[in-house]
1. Among the residues of region A:88-113, what is the count of those that are open to solvent by less than 40 Å² (accessible area, probe 1.4 Å) and either more than 8 Å from chain B (Cβ to nearest Cβ) or among the aromatic types (Phe, Trp, Tyr) (or both)?
2. Output the residue which, of all residues in region B:39-54 that are over 14 Å from A:Arg106 (Cα atoms) and within 11 Å of chain A (Cβ to nearest Cβ), is most open to solvent (accessible area, probe 1.4 Å).
3. Being of a type outside the set (Asp, Glu), out of contact with any helix residue (DSSP H, G or I) (no Cβ under 7 Å at 6 or more places or on another chain) and within 14 Å of chain B (Cβ to nearest Cβ) is true for just one of A:Arg217, A:Arg232, A:Arg242, A:Arg224. Which residue is that?
4. Before we move on, is A:Gly97 small (Gly, Ala, Ser), in contact (Cβ under 8 Å) with a residue 40 or more places away in the chain and more than 26 Å from A:Leu307 (Cα to Cα)?
5. Select, from A:Glu116, A:Glu93, the only residue that is assigned by TED's automatic domain parsing to the domain that holds A:Ile32 and closer than 22 Å to B:Ala124 by Cα.
6. Does A:Asp207 qualify as being crowded, with 19+ Cβ neighbours inside 10 Å and closer than 30 Å to A:Leu177 by Cβ?
7. Residues B:Leu164, B:Leu180: which one is open to solvent by less than 20 Å² (accessible area, probe 1.4 Å), assigned to a helix (DSSP H, G or I), over 27 Å from B:Leu297 (Cβ atoms) and modelled with pLDDT of 90 or more?
8. Of all residues in region A:46-70, which are at the interface with chain B (Cβ under 9 Å from one of its Cβ atoms) and in a loop (DSSP other than H, G, I, E, B)?
Amino acid sequence: MSAPHKGPMLEAHGVSKMYGQVRALNEIDLVIGPGVTGLLGPNGSGKSTLLKLFAGQLLPDTGHVKLLGADPFHEPRVLRGLGLCPEQDKFYEDMSGHDFVGALTRLHGLPKDEAEQKTYAAMKRVGMERYGFKKMREMSRGMRQRTKIAQAIAHDPPVVLLDEPLTGADPVARADLIALIRSLGEEGRCVVVSSHVLHEVEAMTHDVVFIRYGRLRAHGDILRLRTLLDDRPYRILLDVDRPRAVAARLMGLPFVQAAQVLEGDAHPLEITTTDLDTAGREIPQVVSEMGGVVRGFTSPDADLESLYRYLISRR
Amino acid sequence: MSDTPFEGGDRVFEVGYRPMPDRGKRQPPAVAIARTMLTLAWRQRATKIVLLVCLGVLAGHGVWLVGQLLFERFGAEVGAAGMPVGELVGSAREVLANFLRVQFFTTAIAVAVIAGGAIAEDRAAGAFDLYFARPLTRADYAWGKLGGAGLVPFVTILLPVVLLWLTAIGIAPPALRSELWWLAVPALGGGILSVLVLATTIIGLSAVGQKARTVSIAYVAGLLVLSGIVEGLTNGGFALAGYIAPERSLHTVIDWLLAPEQSMLGSQVSGRYRPINHSVFGSLVALLGWAGAGFGLFWWRLRSEVVG
């Protein structure tokens, strides 16, 4: 093994990309290090273009992209440190999964025995060791996804780009793949996961990149990003006894903007606040002082889905 | 929210870095590309059948050559009966020339079956994205595909030529052996030309085709139709049209290289001696033109589909 690359694993500086008259990416500045990063955005937002730029398959019109400190477009040697799982579901249908992964692994110049060994290890890691000798055409969508991920990690790359890796996987397979992706990140790899399924991304990582209309909308930890959106208050749903009395008391607190009693709801009291942390600390204390207890405390606005909704609705 | 939402300053990037995979002793990626292409082709029954046909052509010419040389060696009485051995069973030159001409056609079918999907299948399987996310250049890919496609005529034409030549050297009468030593050069020249033309043209057609089977059928049909049209045109007085058909140009060059004379047996095996182009140089240029067009088409498509 050669020495690890020091510095950001993926970098985009002032990157723009045009397809004819359409600007797919616009002045993207992004630095990504080890761990799992979710790449989010609506269809056509530029996610796949960004992944292709990092994979050296496109040349930016302006700015520059670096993979492990090198330009992946002009220095294809650096691509030995990259594993790409593209979104497409197309394969050599007559090949077995094992042969497919083996053939692609050998493209890294590995001798046959070593490629075979790495292929077997990768297939085992994605849970395909028993089905790897099936032909691709005979595999379920979930098996094909696993095989596609196996080819991306077989050569042990430090950077892994996964474009919609959970598409078509059944719930059990999804849970397995989420665990696998998390473990790839925990091993110190830079794993970028492009996905539309927000709760699955949330299960993998709290570090996200939002892109819309080819522009970088946000990058960072989900909760920290949410706190930056100070023009968007949080709703908090509380399950408490005597919701009217609690609402009246809470309205006197400076961080509470509004309180609404929801008759017949499992969480009968809805509070609106701009400071979720303080609310989380002080509301249970206030309710306790009133002789009650907070049985439920949830904020539908603090999750990734809410953040996504806010970010894509901002012009 | 801040105008510059990216806040990357608070990260410790040097924790947990993975080393790059070791480079060590590596095989050229072109070898893996050729291997994958041939592995995929080998799964088809048609590949095995067409290779058997090529083997049959080789076996037939092998028998002819061995018989002819044994006649040379032991059949003095045939000559004494008033018919020279050469006129009856031909010479090693004729066997090799005839082998190159016939095997060009059978190998054309073989490359169509084996390499027809070389690029068309990669496109259909979306393999470009997977290939070029690896340390691979377009040149590596081109070498891999050309190597894979070229291996077919190499095995069915070039190696058999060497085999036939070695057989001839081994069993020829001593007086004939010195002449046969030099026969390798023109025979291999014809073989190399065949390999070049077949490998580049099939790769070029595969690069523009969408499906492997369509490419295979179009290649063989195109060769036959072109040959028929050209023959009709040349018979009608358009001699220049002869240079359009690759098999006719190859025929011309091979005849010039090997200077065979048609024997009685030869006319039985390969039929009436067909007319050839007037200019050897023109035929050679035409063949190289086909090879260049095939490779050019391939490279043009590759450049338009794969950036970098």
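The values are calculated or read from the model by the stated rules, or taken from the named source; none is laboratory data. What you are looking at is a predicted structure, and each value in this text was computed from that prediction instead of being measured. Here the Cβ is made from the backbone with ideal geometry for all residues, glycine too, and neighbour counts use every protein chain on show. The protein model used for the area step is the full one, side chains on, heavy atoms only, and it has no ligands, DNA or RNA in it. Shrake-Rupley method; radii C 1.70, N 1.55, O 1.52, S 1.80 Å.
1. Of the residues in that region, 9 qualify.
2. If we filter region B:39-54 for residues that are over 14 Å from A:Arg106 (Cα atoms), which is where we start, we get B:40-54.
Keeping just the survivors that are within 11 Å of chain A (Cβ to nearest Cβ) gives B:40-44.
Numbers: B:Leu40: 24, B:Ala41: 4, B:Trp42: 139, B:Arg43: 94, B:Gln44: 76 Å².
Taking the candidates together, the pick is B:Trp42.
3. On the way: A:Arg217 fails: out of contact with any helix residue (DSSP H, G or I) (no Cβ under 7 Å at 6 or more places or on another chain); A:Arg232 fails: out of contact with any helix residue (DSSP H, G or I) (no Cβ under 7 Å at 6 or more places or on another chain); A:Arg242 fails: within 14 Å of chain B (Cβ to nearest Cβ).
The match here is A:Arg224.
4. Yes; evaluated as a whole, the condition is true for this residue.
5. On the way: A:Glu116 fails: closer than 22 Å to B:Ala124 by Cα.
So the residue among A:Glu116, A:Glu93 that is assigned by TED's automatic domain parsing to the domain that holds A:Ile32 and closer than 22 Å to B:Ala124 by Cα is A:Glu93.
6. Numbers: crowded, with 19+ Cβ neighbours inside 10 Å: yes; closer than 30 Å to A:Leu177 by Cβ: yes.
Against the criterion (crowded, with 19+ Cβ neighbours inside 10 Å and closer than 30 Å to A:Leu177 by Cβ), A:Asp207 qualifies.
7. On the way: B:Leu180 fails: modelled with pLDDT of 90 or more.
Residue meeting the stated conditions: B:Leu164.
8. Going through region A:46-70, the residues at the interface with chain B (Cβ under 9 Å from one of its Cβ atoms) turn out to be A:52, A:55-59, A:68.
Within region A:46-70, A:Ala55, A:Gly56, A:Gln57, A:Leu58, A:Leu59, A:Leu68 meet the criteria.
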